[in-house]
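Okay, so here's the structure we're looking at.
Rule-based calculations on the coordinates, nothing more; no lab input. All of these numbers come straight from a predicted model, not from anything done at the bench. In this analysis, Cβ positions are derived from the backbone assuming ideal geometry, glycine residues included, and neighbour counts consider all displayed protein chains.
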Amino acid sequence: MSDAGQLAALAALIGDPTRSRMLASLMSGQALTATELAAESGVSASTASTHLARLTAGGVLEVRAQGRHRYFRLADADIAAALEALIGAASAAPRRSFGPADPALRAARVCYDHLAGEAGVRLHDALRAHGLLQADGGALTDAGEAWCRRRGLDLDALQSSRRPLCRPCLDWSERRDHLAGALGAALLQDLLRRGHARRIPGSRALRLDRTGLRFVESLA
């Protein structure tokens with residue numbers, strides 16, 4: 001299939017309103033069952049199963065069986081990044097202000113598996129300002145590698161991952177880069193593990209405590 005054909009096929013997959021609602025609900029990075037996705041998209045279980053089968057066959061979703069349940073999630077970070085960019089493009093056209101109206105989503109949210117929103121952009125800026133990220137945000141400096149190890153991150157494991165270690169991701173509400181890639185995911189998990197960030201149930205939004213806010217501002 002040509003590039004144009006592949007693009008048309010992907011657009012047809014994600015352009016359906018029901019499938020779009022399903023995909024948006026999976027941008028939190030959490031896996032959901034078919035029943036949960038049916039409820040999120042407002043359709044019957046049988047209709048949801050048909051849509052999920054198409055998304056899985058098209059490589060947009062992956063499915064994992066656990067016990068009696070089957071859990072669906074986005075296939076990979078590249079799919080999530082493409083969806084985030086499309087959400088941003090769609091939100092910009094009819095509105096004068098970019099991004100979500102919900103202040104909590106604008107402040108800090110999950111973008112598949114890394115930190116986004118104002119907090120994500122500030123973290124990216126702080127890493128660059130401290131000389132830990134290269135100017136283009138695409139790689140760590142030597143000082144950045146040392147900082148990661150002091151932070152307790154398993155840098156060797158992150159560097160051996162199939163995904164890029166550092167990748168700038170254009171934030172759809174801030175219109176500036178936040179940090180994606182294996183390091184972006186590891187830093188969010190580190191904040192969650194330390195209790196300095198927590199998920200807001202039923203939302204992509206995150207709530208950072210005082211220490212978490214200080215960290216994204218100054219890495220302290």
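Annotations
- 3J(HN,Hα) couplings calculated from phi for region 124-136 with the Karplus curve 6.51 cos²θ - 1.76 cosθ + 1.60 (θ = phi - 60°) are, in sequence order, 4, 5, 5, 4, 6, 5, 8, x, 8, 10, 5, 4, 7 Hz; Gly and Pro show x.
- Helix-derived mean residue ellipticity, 222 nm - over the chain, DSSP H n ≥ 4, -39500 (n - 2.57), to 500: -15500 deg cm²/dmol
- Taking every alpha-carbon pair in region 3-75 and binning the separations at 10 Å intervals from zero gives 21, 57, 19, 3 percent.
- Length gained when the stretch R194-R163 is fully extended (0.36 nm per residue, less Cα-Cα span): 8.7 nm
- Label sites at R151 and A53, each approximated as a point 7 angstrom past Cα along Cα to Cβ, lie 4.4 nm apart.
- Under the criterion of Cα pairs below 8 Å and six or more residues apart, the relative contact order for the chain equals 18 percent.
- Over the chain: Kirkwood hydrodynamic radius from C-alpha pairwise inverse distances, Å: 18.3 Å
- Across the options Q134, G181, S2, the greatest Cα extent toward the positive end of the charge dipole of the chain (unit charges at beta carbon of Lys, Arg, Asp, Glu) belongs to G181.
- Remark on R167: its backbone amide H falls under 5 Å from those of A180, G181, G184, a criterion applied only to residues 5 or more positions apart or on other chains, H modelled at 1.01 Å from N.
- Taken along the Cα-to-beta-carbon direction at a fixed 7 Å, the label points for A85 and T35 span 3.8 nm.
- Length gained on full extension, A4 to R214: 71.0 nm, using 0.36 nm per residue less the C-alpha separation.
- Over region 100-218, Cα pairs under 8 Å with separation of 6+ residues give a relative contact order of 32 percent.
- log10 of Debye I(q)/I(0), alpha-carbon scatterers only, for region 127-220 at 0.22, 0.25 Å⁻¹: -1.33, -1.55
- Rounded FRET efficiency, nearest 0.05, which uses the C-beta distance separating A104 from A12 and R0 of 41 Å: 0.80
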